[in-house]
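These notes are about the structure you will find just below.
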Amino acid sequence: VKVMLTEKEWLFINEIIQEIYKSKTLSGLGEIFLLLLRKLIPFKAAELTLVDDQLHDKQYAAVGISEDDVREYNEKYVKSDYRNAIFTFPKSMSYCDSDLINEDKKRDTALYKNWLAPMGMEFCGGLMIRVSREMICCINIFRGEAHGSLTERDLFILDLFIGHLENIIAGLMTETAAGTLKYEYMKEYDSLTRREKEIFPYILKGYSNSDISEAFYVSESTAKKHVYNIISKFGVSSRGELIKYVISAQQLLKDE
């Protein structure tokens, strides 16, 4: 199905992308993204949560969902949630519940009958952003009968944000864990020049080329060249892939 967006919608999507790159915390990211997204995709409630490999769900931002609601979900429904199927996918993706379960089966689940329906959240969908092997960020969107299930247009719009959210979330999580990340042992890091080693932590913290340019008093084109060289030496193709590579390498080290 070919989705057509208006020029005004494209401009607003670009504004959202610019705004979310300013985020300094996961909570701040969730708050601004959900606030602005609602103008493109109407919903009754939404949340940004982190889910670990034990299916523990920690909420960072929410509209229309309380901490008590999340606590009840974690205590009673998290293990049997039909949406857990999305966690088996190796890459980030958008989804709606009709992709995962037919309507009759969904309405017969305890999650739907005892948690979703009583809050008027008959339909759900959103984004699964795979941050690392053991950590996933979920942006869950809930809608009532008035708006119905997420449409092809809604999913198309959500897909536009995936790459950006991967970069931002991985950067925020890496910066939070900056004190515990040990990358000096990596052979790729050892191959960097002295200047590249100085710049490397700034990439992990989500600094832009402009930020690096200001921090090291070099031109933006020089900063861009250093970043390109670093990314190339790690055998990846983007900042987001570099951050995820370092996080994954850190996890492998912990597992050994």
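What number of residues within segment 18-48 are at pLDDT 90 or above and open to solvent by less than 30 Å² (accessible area, probe 1.4 Å)?
The number of residues fulfilling the criteria is 15.
Which one of these does SER66 not meet: (1) open to solvent by 10 Å² or more (accessible area, probe 1.4 Å); (2) modelled with pLDDT of 90 or more; (3) not hydrophobic (A, V, I, L, M, F, W, C)?
(2)
Does segment 87-123 hold any residues that are touching a residue at least 24 places away in the same chain (Cβ under 8 Å), loosely packed, with under 15 Cβ neighbours inside 10 Å, under 19 Å from the mean Cα position of the chain (by Cα) and assigned to a helix (DSSP H, G or I), and which are they?
Scanning segment 87-123 gives a single hit, PHE87.
Tell me the residue from ASP52, ASP81 that is among the charged types (D, E, K, R), within 27 Å of ARG133 (Cβ to Cβ) and within 15 Å of the chain's Cα centre (by Cα), please.
Step by step, each of ASP52, ASP81 is checked, and only ASP52 is among the charged types (D, E, K, R), within 27 Å of ARG133 (Cβ to Cβ) and within 15 Å of the chain's Cα centre (by Cα).
Just checking, which of GLU175, GLU241, GLU184 is acidic (Asp, Glu), more than 30 Å from PRO118 (Cα to Cα), at pLDDT below 85 and in a loop (DSSP other than H, G, I, E, B)?
Answer to the selection: GLU184.
Given GLU9, GLU47, GLU19, GLU15, which one is outside any loop (DSSP other than H, G, I, E, B), closer than 30 Å to THR109 by Cβ and charged (D, E, K, R)?
Matching residue, one of GLU9, GLU47, GLU19, GLU15: GLU47.
Is there any pair linking a residue in segment 146-159 that is under 21 Å from MET119 (Cα atoms) and part of a loop (DSSP other than H, G, I, E, B) to one that is at pLDDT 95 or above and β-branched (Val, Ile, Thr), with Cβ under 8 Å and at least six apart or on different chains, and which?
Filtered contacts from segment 146-159: LEU150/ILE41; LEU150/ILE141.
Are any residues in segment 22-44 free of Cβ contacts under 8 Å to residues at least 24 places away in the same chain and in a loop (DSSP other than H, G, I, E, B), and if so, which ones?
LYS22
Does ASN84 fit the bill of being in a helix (DSSP H, G or I) and out of contact with any helix residue (DSSP H, G or I) (no Cβ under 9 Å at 6 or more places or on another chain)?
no
The values are calculated or read from the model by the stated rules, or taken from the named source; none is laboratory data. Predicted model only: the values in this text are computed from it and were never measured. Here Cβ is always computed from backbone atoms with ideal geometry, including for glycine, and neighbour counts include all displayed protein chains. Ligands, DNA and RNA are stripped out before the accessible areas are found, and what is left, the full protein with its side chains, is counted by its heavy atoms. Shrake-Rupley method; radii C 1.70, N 1.55, O 1.52, S 1.80 Å.
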